[in-house]
2 protein chains.
Amino acid sequence: MNRFSDKSSPENETLGGIQSGFCKEGQVKKCRVEPVVIGGMVLDVNATSSMHANPRTTTPGKVIFSLGGVARNVADCISKLEARPFMISAVGFDMAGNMLLEHWESAGLSIEGIQRHQNIETAVVCHIFDQKGEVAAGVAHVESIEKFLTPRWIEKFKCKISSTPILMVDANLNSSSLEASCQMAAQFNTPVWFEPVSVAKSRRIASVVQYVTFASPNEDELVAMANAISGRDIFQPIRHSSTKLSKDSFFQMLKPAISVLLYKGVKVVVVTLGSEGVLLCSKGKSNLQKLAFKENQPSHLSRELYEAVNTVCPRDQLFGASMCEQISNLFAVHFPALPASVVRLTGAGDCLVGGTIASLCAGLDVMQSVAVGIAAAKVVVEVESNVPDEYCLAKLADNARSVYSGATMLLSQSKL
Amino acid sequence: MNRFSDKSSPENETLGGIQSGFCKEGQVKKCRVEPVVIGGMVLDVNATSSMHANPRTTTPGKVIFSLGGVARNVADCISKLEARPFMISAVGFDMAGNMLLEHWESAGLSIEGIQRHQNIETAVVCHIFDQKGEVAAGVAHVESIEKFLTPRWIEKFKCKISSTPILMVDANLNSSSLEASCQMAAQFNTPVWFEPVSVAKSRRIASVVQYVTFASPNEDELVAMANAISGRDIFQPIRHSSTKLSKDSFFQMLKPAISVLLYKGVKVVVVTLGSEGVLLCSKGKSNLQKLAFKENQPSHLSRELYEAVNTVCPRDQLFGASMCEQISNLFAVHFPALPASVVRLTGAGDCLVGGTIASLCAGLDVMQSVAVGIAAAKVVVEVESNVPDEYCLAKLADNARSVYSGATMLLSQSKL
């Protein structure tokens, strides 16, 4: 079985070497062109009660430490798909920081973009789940990311941002760091993927929306982002009734908010709907095709992924002759989710983004890449951790094929 | 200011050297005679919400990792008072295990009694506290201690148990390990201190009560232990009304349960009453005085502690001429708690035990030692961790003096 986890090949070792070291003058062209990911590295503490827990008591159960943080999860997932992300983040010299860095180093990834400082308290998020797997209580201790991941730190890695095929930022960044990152990307025509993290943080898109190429909200984040961008609370979260909504109903309900994002400059909105799949939306299909990645793609590292997926998900086969261009300038495709034996839902959205970015970097088109992203997300909901230990290429391609073949175009009943 | 934290003196270094290494045949007499502590080493994850938290949500706050576990805390506290505990426990090759062991090694303490194994999941306890500092939810993941701290492992350190002035066991041990430990101690006339850990685990005293010299329950644990020993649920937890109970009322209410323990063989019952102080009970005062520690006490290491406390808490001054012997064979003394600026109550009971044991090993008598224990507990409730980083001897002795001078004999209205 062809697995992605062989990190010991001589080819990989050589590339690992090239990736390290700050950019020096005159070296810009030599920088490795792998995805750059900026945002949170977090230690997740997940405690699950093994019996019914009365509030205010301690019950027996399991406590598991997981490496987390949206940006870290995305980068980790990308690395499992044989692209080599360059991570920009901040951790302290404490137990959580050591654990996060040890994993990064043992995966052969560069830690030069990860700031360490005596004053940094590494971000930790602690959740207690009840017997049914639902959150009973949770505390997030993550200020250090906003405080220490400054524009000044990020600017040290301008050369990486100048040459990367894509920059991913998560909304754990403070507004000035988000702006600095996006402006640097714009300067080099680097596409930006904005991951909203949470409803509260998703509103931070407002100051950078004009620079964002991809955004990946869930329904509630989409509504919050549209309200933040509009400067008024005009959109309401969807109220789910007991009857299941059709994908068309979902689309019709979310379309006004999606349109706000697209109108303000976002090129592609990827709305995650949990077990209802994913909506991929852009202003017209041609807009998707214009998303050219930098010339040196596909990376030879990701050639395997490209070949495996491109064979089973033929480019343009499904939508080549669609009529959507004629009736609307809002292009929307629904991708189904894959059936999964859910262990824990954490990490699913992050692996969707990681799988999609790795696929884009491998030279696959946006629709093929989203199909891979959904296949990558399926694997992680079936394990405890936020990112699977490894991916099996054959299974991933097969699952991507199922998703891709189940994709349907949604008709917009009105123009944007 | 005289502090206990000077680990760099040549004297200490030499003694540290003697402590390491398994006992070999013919070497029994050379074993160091420091307190042996058997029980849990636990990583505590304490998350505190910084705002009012609705149930089922994640709120901003602080997440702090603390080294914990009752036995570990007691041993750590003992080491801060210049006795050198020998710890017998079990941890895994995981993050929590590494953290616990690193601290132990950096304190210059022996880790040879701490079993490590690939299959051990280091014990972790996770608590989420609300804004008021009360437990909102908690999960304990501690089976590994019961599973891996076996009689077989403990028996490897028979020579330590043979020569220690005191053996402390916590009720995290399974029953067969508790029995094996106590039987070994009995074989060598080593006094045993039983720390009940929790209401549920405190019941484990039933199978070893005849070997126990000291037990240190709180009110609820005392009731559970008395019921377990009696084999019937005849005692009920005290119902606290809104009016504050006097120390005499406390004593009268708890006396039947205390008497069960004393009648079944426990020599000294130390009941912790939180801010109401401590009750020290034995069958007659002379019984306390018979608690001879092994001949080589006080250890020269603890000479400072002995001198400082013995000067300000004169032995036998308070109770030398008491009439209690005539009217009852239940000897009971109430010690007041010290006023404290409480940060967190965790660790208070463990430092009470650690301070008392360190003082006993230094050659102080039981009443002097309990006064030091209460002074040691005061320091820890004023910090976040389970054991203070260091103790100031002058302050400790001064606080012990306050406690000792505030101690009062309680009159029993009936015989046992």
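Table for the structure above
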{"quantity": "Residue within the stretch A:52-67 that is at pLDDT 50 or above and closer than 20 Å to residue A:108 by Cβ present", "calculated": "yes"}
{"quantity": "Any hit, the stretch B:33-47, residues being modelled with pLDDT under 95, open to solvent by 40 Å² or more (accessible area, probe 1.4 Å) and polar (S, T, N, Q)", "calculated": "no"}
{"quantity": "Hits in the stretch A:379-390 (condition: buried (at least 17 other Cβ atoms within 10 Å of the Cβ) and either aliphatic (A, V, I, L, M) or modelled with pLDDT of 95 or more (or both))", "calculated": "A:379, A:380, A:381, A:387"}
{"quantity": "Pair list, Cβ < 8 Å and 6+ apart or interchain, from the stretch A:389-408 residues that are in contact (Cβ under 8 Å) with a residue 60 or more places away in the chain to residues that are of a type in the set (Val, Ile, Thr) and surrounded by fewer than 16 Cβ atoms within 10 Å (Cβ to Cβ)", "calculated": "A:389/A:383; A:397/A:311"}
{"quantity": "Residue that is nearest to the other protein chains (Cβ to nearest Cβ), among those in the stretch B:58-111 that are more than 22 Å from residue A:96 (Cβ to Cβ) and surrounded by fewer than 19 Cβ atoms within 10 Å (Cβ to Cβ)", "calculated": "B:111"}
{"quantity": "Condition check for residue B:369: small (Gly, Ala, Ser) and surrounded by 19 or more Cβ atoms within 10 Å (Cβ to Cβ)", "calculated": "yes"}
{"quantity": "Conditions (1) part of a helix (DSSP H, G or I); (2) at pLDDT below 95; number of the one not met by residue A:339", "calculated": "(1)"}
{"quantity": "Matching entry among A:244, A:201 (being more than 21 Å from residue A:152 (Cα to Cα), of a type in the set (D, E, K, R) and in a loop (DSSP other than H, G, I, E, B))", "calculated": "A:244"}
{"quantity": "Selected residue (criterion: farthest from the other protein chains (Cβ to nearest Cβ)) from residues of the stretch B:115-134 that are assigned to a strand (DSSP E or B) and open to solvent by 10 Å² or more (accessible area, probe 1.4 Å)", "calculated": "B:115"}
{"quantity": "Per-region count, the stretch A:208-229, residues open to solvent by 20 Å² or more (accessible area, probe 1.4 Å) and at pLDDT 95 or above", "calculated": "4"}
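Here is a yes/no grid of residues against (1) under 27 Å from residue B:44 (Cβ atoms); (2) at pLDDT below 85; (3) of a type in the set (Lys, Arg); (4) not in a helix (DSSP H, G or I):
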| position | (1), (2), (3), (4) |
| --- | --- |
| B:317 | no, yes, no, yes |
| B:321 | no, yes, no, yes |
| B:334 | no, no, no, yes |
| B:346 | yes, yes, no, yes |
| B:353 | yes, no, no, no |
| B:356 | yes, no, no, no |
| B:368 | no, no, no, no |
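The values are calculated or read from the model by the stated rules, or taken from the named source; none is laboratory data. All values derive from a computational prediction rather than experimental measurement. Neighbour counts are summed over all protein chains in view; Cβ atoms, including those assigned to glycine, are modelled from backbone coordinates with ideal geometry. These area figures cover heavy atoms from the full protein model, side chains too; ligands, DNA and RNA do not enter into them. Shrake-Rupley method; radii C 1.70, N 1.55, O 1.52, S 1.80 Å.
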